[in-house]
Amino acid sequence: MYYNAKSPHFAGTLYTAFVSSTQRRLESCGLTVTTLEYDPLDLDMKQKIAQTLQKSDPNAVVTVVRNGGNLVTGSGGVSGDLYFNAEAFDKLRSKSLWKARINYHMITKNMFADDTQSGERFAAQLVARMAADRLVTGCPPEVATPKA
């Protein structure tokens, strides 16, 4: 999985919980997952991606890219919607297998919201969508249809 999703408000424990929970959930579906994150300070991300693909030799590559949103910052934290484009590519055939635009409603930096749980909830939403769209199969029921 390749993530280019970090932003000032989608960072810290919210982001790390999302990435680790997505990997854990996909692995519970019987997949082997390698994670790579975009690093704006890396001078040659293309080379890093190529090396990771060569090393892990995946059948498919899933990208999650943040693409806009509407956030409001107030005294109670930051809330609103973030949008992500997700896509799966068949590496062998060089073709797209799946595309989705995902809306994530979030609240962070709020004393009543746990960023770790929020990141895990978003991961559950993403993997459940992949299972519902039949991109991944073999997921246990609690992963394929998580409780809200």
Across region 111-133, what is the number of residues that are assigned to a loop (DSSP other than H, G, I, E, B) and closer than 17 Å to P8 by Cβ?
-> 1
Which residue pairs have Cβ atoms closer than 6 Å, lie 6 or more positions apart in sequence or on different chains, and pair a first residue in region 66-84 that is farther than 12 Å from N110 by Cβ with a second residue that is of a type in the set (D, E)?
-> G69/D81; N70/D81
Can you find a residue in region 41-50 that is β-branched (V, I, T), farther than 26 Å from N110 by Cα and touching a residue at least 40 places away in the same chain (Cβ under 8 Å)?
-> yes
Among the residues of region 92-110, is there at least one that is in contact with a helix residue (DSSP H, G or I) (Cβ under 8 Å, 6 or more places away or on another chain), part of a loop (DSSP other than H, G, I, E, B), touching a residue at least 12 places away in the same chain (Cβ under 8 Å) and exposed (fewer than 13 other Cβ atoms within 10 Å of the Cβ)?
-> no
Within region 55-74, restricting to residues that are out of contact with any Phe, Trp or Tyr (no Cβ under 9 Å at 6 or more places or on another chain) and more than 15 Å from H9 (Cα to Cα), the one that is surrounded by the most Cβ atoms within 10 Å (Cβ to Cβ) is P58
Test V33 against the criterion of being assigned to a loop (DSSP other than H, G, I, E, B) and at pLDDT 90 or above, and give yes or no.
-> yes
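Out of the residues in region 111-148 that are of a type in the set (D, E) and surrounded by 17 or more Cβ atoms within 10 Å (Cβ to Cβ), state the one that is nearest to G76 (Cα to Cα).
Going through region 111-148, the residues of a type in the set (D, E) turn out to be 114-115, 120, 133, 142.
Then drop every residue that is not surrounded by 17 or more Cβ atoms within 10 Å (Cβ to Cβ), which leaves 115, 120.
Working: D115: 14, E120: 21 Å.
This residue is D115.
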Condition broken by Y15, with the remaining ones in (1) within 24 Å of K147 (Cα to Cα); (2) touching a helix residue (DSSP H, G or I) at 6+ places or on another chain (Cβ under 6 Å) satisfied = (2)
Could you count how many residues in region 75-86 are within 15 Å of the chain's Cα centre (by Cα) and buried (at least 16 other Cβ atoms within 10 Å of the Cβ)?
-> 4
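The values are calculated or read from the model by the stated rules, or taken from the named source; none is laboratory data. Predicted model, so just to flag it, every value in this text is computed and none were measured. Don't worry about glycine lacking a Cβ; one is built from the backbone with ideal geometry, like all the others, and counts go over all protein chains shown.
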